[in-house]
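Notes to accompany the following structure.
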Amino acid sequence: MTASPWAGKAGALRPGTAAAATAGVTPFAVGLLLAAALQYAVGPAVGPFFSDLLIKIGINVILAVSLNVVNGYTGQFSIGHAGFMAVGGYAAGALTYYTSMLAWGGPQVQGGVFGVGSALFVGACLVGGLVAAAAGWAVGLPSLRLRGDYLAIVTLGFGEIVRVLLQQTQDVPFTADEARALSPVEMATHLGGSLGFSGIPFYTNLFWVWCFVTLTLLVAYRLKESTFGRAFLSIRENEIAAEAMGVDTTRYKVRAFVIAAFFAGVAGALFAHKIGTTLNPRELGFMKSFDIVIMVVLGGMGSISGATIAAVLLTVLPEALRGAADYRMIVYALMLVLVMIVRPQGLFGIREIWELPPFARRRGR
Amino acid sequence: MSLVAPGHPLLELQDLHVHYGAIHAIKGISLSVRQGEILTLIGSNGAGKSTTLRAISALVRASGGRILYRGHAIQGYRADQVVGMGIAHCPEGRGVFPAFTVRENLEVGAFLRKDREGIEADIETAFTRFPVLRQRARQPAGTLSGGEQQMLAISRALMCRPALLLLDEPSLGLAPQVVQTIFAIIREINRAGTTILLVEQNAHMALQVAHQACVLDVGTVVASGPAADLARSDEVKKAYLGGH
Ligand SMILES: Nc1ncnc2c1ncn2[C@@H]1O[C@H](COP(=O)(O)OP(=O)(O)OP(=O)(O)O)[C@@H](O)[C@H]1O
Ligand SMILES: [Mg+2]
C-alpha cells in the first residue's frame, strides 16, 4: 500500500478558494458549449416535443441534485422542495411579468436568446433563487437546530402553507394600465390565485436551462469535494460524532438547506417561464415534492450522478407511460420498493458513478 | 489561553449538574484532571460517566456548576468551539463514519485544522501506531471489525491534536488481546503529552493505566484518589473489580 493514490485526492479535499474558482472554469465552459449545442443544434433537430422534454429533464436535474444536498449529503429529510420551487417561480415570474408590463406595455418576449428580455429573465431566475434561499433560511434555522424528524414535518407544512397562500392571491392584471394601477405590494398579492398565474413570458429555453444545470452540478460537485461536503456528509453519517469532531452541525445543515432552496428557486423560475406553463399552486404541491424525493432516494442519497440519472429516468418515464398516467404512482412505488430490496443505498449510494466498479479501477480508487 | 504546567489542573468540574428533561443524571460532580495525567472515571451502568464527558464536550448542556479548562469556564460554548480549544471526545460505541473510508474518517478528525502537511503527518502517525489502519485506509470504516473501529475512533480523536482526550469505554466489546493493545496505546498517547480522561467499565485495566481515579454512582462521586490506592480499596474491589 502506498500513499500515492491519495496524494492528489487529499489535495482535492480542501481546495483553496482561488483554486476552487478557477477549477470550475473549464467544466463551466464545456457546459455552456453543450447548452449552446442543445439550443442551436439538438433542439431544432428533435422538434418542440423533445425540446420541451429536455427542458423538463434539466429542471428536474436541478431539483434532484439540489435536494440531494440536504437529503443526501446531510441526511436530513426535507419533503417540501416544491415549496421553494414555488416561491422562486412566483417571485421570478412576477418580476418578469410586472416589469414587462410596466416597461414594454405587455408580457411579450423582448429580444433574442441574449436580448434585453433574457437579461431580465436571468436576473429574475437569480432573484427567484435568492428569495427561495431566504425562505430556506427562515424555515431551516429554527427546525435544523433540532435533531430528528422535525424537518420533514416543518418542510411539509411549509410547502402546504406556500400553496394555500398562493391560492389566496388575486387575479393577475391583463393590461398595462391595470398593472400600472397596482403598487409593488399589491403586485405581490396579485399572482393569479388558484386559477394560476398565466401570461409569464416564455423565456426559458434549452440554453438557459442547461446553463443552470451546469451551474447546479458544478456547485454540487465542488461542495461535495470541499471541506463543506465533508462536514455535510459527516453529519449524515453520524451527527453526534461529527459534532464531537468540531463540525458546527446546525450551521452546516442550515447552509446545505439554504443552498438547496436557492437552486429549487432557480428551477421554479425556469419552470415559470417555460412555454405552456400556467404557474399553479397545486402543481407545485406535495406531489411534486414527493417526485423529487423519489429521484434522490432512487439515485442514492449523496450521489450527484445518481440523482441526475434518476431525474432523467423519472422525467422520461411518465412521458413513456403517458397512456397509463393513472398508474404512474404505482409504478414509482414498485420501482422504489424494488430498488430498496436490491440496492437499499440507492443506485449509487454515497459515491459517484465513476467511483464505482468497473469505472473505479481506471482511476485508481 | 495560558499554558498549564504539569501537575496543575487542566480541567476542573465544580459541582456539575446535568438534566435530561426530568432525569437528574449528574448530581453535583467535582473533580480535577491534572496536566499530563490519566484520570479514569469508573462506575456501574447508568452512573453518569458518558454524560459527564458529554457535558465537558458540550454535546449536552450542563444545568449547573462550572467546567473550567485551563482556568476558564467553558460551559456555554458550542461543541465545535470546545474542540477548537483542544478537547477531543471519542464517543461511546466508537461512532465512526461508516460510509467514509478510514482515511476520510481521519481527515474529518482534523476538520478544524488547516495545515495540510501537519494533517498528513498525523495520519502517518496514526498508521504507524495502528498498522492495520494503513492496510484498510481505503476501505469504508463500517466494514472494519469492532477493534479496528475503536483504533480508528481513537486515532480520529487525536487528529485535532488535543491537549485533553476524553475516551468513552475504549475497551467495550473487544477481545482481551485487543484490550491490551488499546490500553498500551492509551499509555503511549499519554506519555507523548496528552492528558486523558478515561471512562471505563473495565475497572481493572483502567486502574492499572490511570494515575488518578474517580468512582461514580448514580450521578455522584463516591470515591476518588490515586488509582493505585483505589485498586487496593476493599470497597472498590468488591463493587467494581469482580469481587462479587
Ligand atoms: N439522552 C438521554 N435522555 C434521557 N436520559 C438519558 C439520556 N442519556 C443518558 N440518560 C440517563 O442518564 C443516566 C446516565 O447515563 P450515562 O450514559 O451517562 O451512563 P454511563 O455511566 O455512561 O453508563 P454506561 O456504563 O452504561 O455507559 C442514565 O440513567 C441514563 O438512562
Ligand atoms: Mg456510557
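The values are calculated or read from the model by the stated rules, or taken from the named source; none is laboratory data. A quick note: this is a predicted structure, and the numbers were derived from the prediction, not measured. No Cβ is skipped: glycine too gets one built from the backbone with ideal geometry, and neighbour counts run over all protein chains shown. Protein only, heavy atoms only, side chains kept; ligands, DNA and RNA dropped before computing areas. Shrake-Rupley method; radii C 1.70, N 1.55, O 1.52, S 1.80 Å.
Quick check: anything in segment B:147-166 farther than 28 Å from B:Val33 by Cβ and either among the hydroxyl-bearing types (Ser, Thr, Tyr) or within 9 Å of another protein chain (Cβ to nearest Cβ) (or both)?
Looking through segment B:147-166, none of the residues is farther than 28 Å from B:Val33 by Cβ and either among the hydroxyl-bearing types (Ser, Thr, Tyr) or within 9 Å of another protein chain (Cβ to nearest Cβ) (or both).
Output yes when any residue across segment B:94-113 is within 16 Å of ligand 2 (Cβ to nearest atom) and modelled with pLDDT under 95, and no when none is.
yes
Would you point out which residue out of A:Ala138, A:Ala134, A:Ala91 is modelled with pLDDT of 90 or more, out of contact with any Pro (no Cβ under 7 Å at 6 or more places or on another chain) and surrounded by 22 or more Cβ atoms within 10 Å (Cβ to Cβ)?
A:Ala91
With respect to the numbered conditions (1) facing chain A (nearest Cβ under 8 Å); (2) open to solvent by 10 Å² or more (accessible area, probe 1.4 Å), which one is the sole condition not fulfilled by B:Phe100?
Every listed condition holds for B:Phe100 apart from (2).
Would you confirm whether any residue within segment B:68-79 is assigned to a helix (DSSP H, G or I) and more than 16 Å from ligand 1 (Cβ to nearest atom)?
Taking every residue of segment B:68-79 in turn, none turns out to be assigned to a helix (DSSP H, G or I) and more than 16 Å from ligand 1 (Cβ to nearest atom).
Kindly provide the set of residues from segment B:166-189 that are within 16 Å of ligand 2 (Cβ to nearest atom) and surrounded by 18 or more Cβ atoms within 10 Å (Cβ to Cβ), ordered by number.
Selection gives B:Leu166, B:Leu167, B:Asp168, B:Glu169, B:Pro170, B:Ser171, B:Leu174.
May I ask you to list the residues in segment B:175-230 that are more than 16 Å from ligand 1 (Cβ to nearest atom) and part of a strand (DSSP E or B)?
Hits for segment B:175-230 are B:Thr195, B:Ile196, B:Gln212, B:Gly225, B:Pro226.
Would you confirm, using the coordinates I've provided, whether B:Gly95 is out of contact with any strand residue (DSSP E or B) (no Cβ under 8 Å at 6 or more places or on another chain) and crowded, with 18+ Cβ neighbours inside 10 Å?
yes
Suppose we filter B:Gly93, B:Gly118, B:Gly86 for residues that are within 16 Å of ligand 1 (Cβ to nearest atom), out of contact with any helix residue (DSSP H, G or I) (no Cβ under 6 Å at 6 or more places or on another chain) and not hydroxyl-bearing (Ser, Thr, Tyr); which single one remains?
Matching residue, one of B:Gly93, B:Gly118, B:Gly86: B:Gly93.
From (1) away from chain A (no Cβ under 13 Å); (2) closer than 23 Å to B:Leu230 by Cβ; (3) within 16 Å of ligand 1 (Cβ to nearest atom); (4) modelled with pLDDT of 95 or more, pick out the condition that doesn't hold for B:Ile56.
(1)
Considering each residue of segment A:106-115, count those that are open to solvent by less than 40 Å² (accessible area, probe 1.4 Å) and farther than 20 Å from A:Cys211 by Cα, and give that number.
Summing the residues that are open to solvent by less than 40 Å² (accessible area, probe 1.4 Å) and farther than 20 Å from A:Cys211 by Cα in segment A:106-115 gives 2.
Among the residues of segment B:147-174, which ones are within 16 Å of ligand 1 (Cβ to nearest atom) and more than 14 Å from the chain's Cα centre (by Cα)?
Residues satisfying the conditions are B:Gly173, B:Leu174.
Could you say which residue among B:Gly28, B:Gly46 is in a strand (DSSP E or B), in contact (Cβ under 8 Å) with a residue 40 or more places away in the chain and out of contact with any helix residue (DSSP H, G or I) (no Cβ under 6 Å at 6 or more places or on another chain)?
It is B:Gly28.
Search segment A:116-131 for residues being open to solvent by 20 Å² or more (accessible area, probe 1.4 Å) and farther than 19 Å from A:Leu156 by Cα, and hand back the single one that is modelled with the lowest pLDDT.
Of all residues in segment A:116-131, those open to solvent by 20 Å² or more (accessible area, probe 1.4 Å) come to A:116, A:119-120, A:122-123, A:126-127, A:130-131.
In the following step, the residues that additionally are farther than 19 Å from A:Leu156 by Cα were identified as A:116, A:119-120, A:122-123, A:126-127, A:130.
Values: A:Val116: 88, A:Ala119: 93, A:Leu120: 94, A:Val122: 96, A:Gly123: 96, A:Leu126: 97, A:Val127: 97, A:Leu130: 98.
Checked segment A:116-131; the qualifying residue modelled with the lowest pLDDT is A:Val116.
If I ask for residues that are in a helix (DSSP H, G or I), open to solvent by 10 Å² or more (accessible area, probe 1.4 Å), more than 18 Å from A:Leu53 (Cβ to Cβ) and at pLDDT below 90, which ones from segment A:299-330 would you list?
A:Asp326, A:Tyr327, A:Met329, A:Ile330 - these are the residues of segment A:299-330 that are in a helix (DSSP H, G or I), open to solvent by 10 Å² or more (accessible area, probe 1.4 Å), more than 18 Å from A:Leu53 (Cβ to Cβ) and at pLDDT below 90.
Here are some conditions: (1) under 18 Å from the mean Cα position of the chain (by Cα); (2) open to solvent by less than 30 Å² (accessible area, probe 1.4 Å); (3) more than 10 Å from every other protein chain (Cβ to nearest Cβ). B:Arg70 meets all but one. Which one does it not meet?
Result: B:Arg70 passes all but (2).
May I ask you to say which residue of B:Gly48, B:Gly36 is in contact with a strand residue (DSSP E or B) (Cβ under 7 Å, 6 or more places away or on another chain), more than 14 Å from chain A (Cβ to nearest Cβ) and either among the basic types (Lys, Arg) or open to solvent by 20 Å² or more (accessible area, probe 1.4 Å) (or both)?
The unique qualifying residue is B:Gly36.
Inspect all residues belonging to segment A:55-76 and state whether any of them is open to solvent by 40 Å² or more (accessible area, probe 1.4 Å), within 26 Å of A:Leu270 (Cα to Cα), modelled with pLDDT of 85 or more and in a helix (DSSP H, G or I).
Looking for residues that are open to solvent by 40 Å² or more (accessible area, probe 1.4 Å), within 26 Å of A:Leu270 (Cα to Cα), modelled with pLDDT of 85 or more and in a helix (DSSP H, G or I), one finds at least one in segment A:55-76, hence yes.
Checking A:Pro15 against (1) modelled with pLDDT of 50 or more; (2) not in a helix (DSSP H, G or I): exactly one of these is not met. Which one?
Failing condition for A:Pro15: (1).
Considering segment B:38-86 alone, what residues qualify as being farther than 21 Å from B:Leu207 by Cβ and within 13 Å of ligand 2 (Cβ to nearest atom)?
Matches in segment B:38-86: B:Thr51, B:Arg54, B:Ala55, B:Leu59, B:Val60.
Examine segment B:110-121 for a residue that is in a helix (DSSP H, G or I) and open to solvent by less than 30 Å² (accessible area, probe 1.4 Å), and state whether such a residue exists.
Yes.
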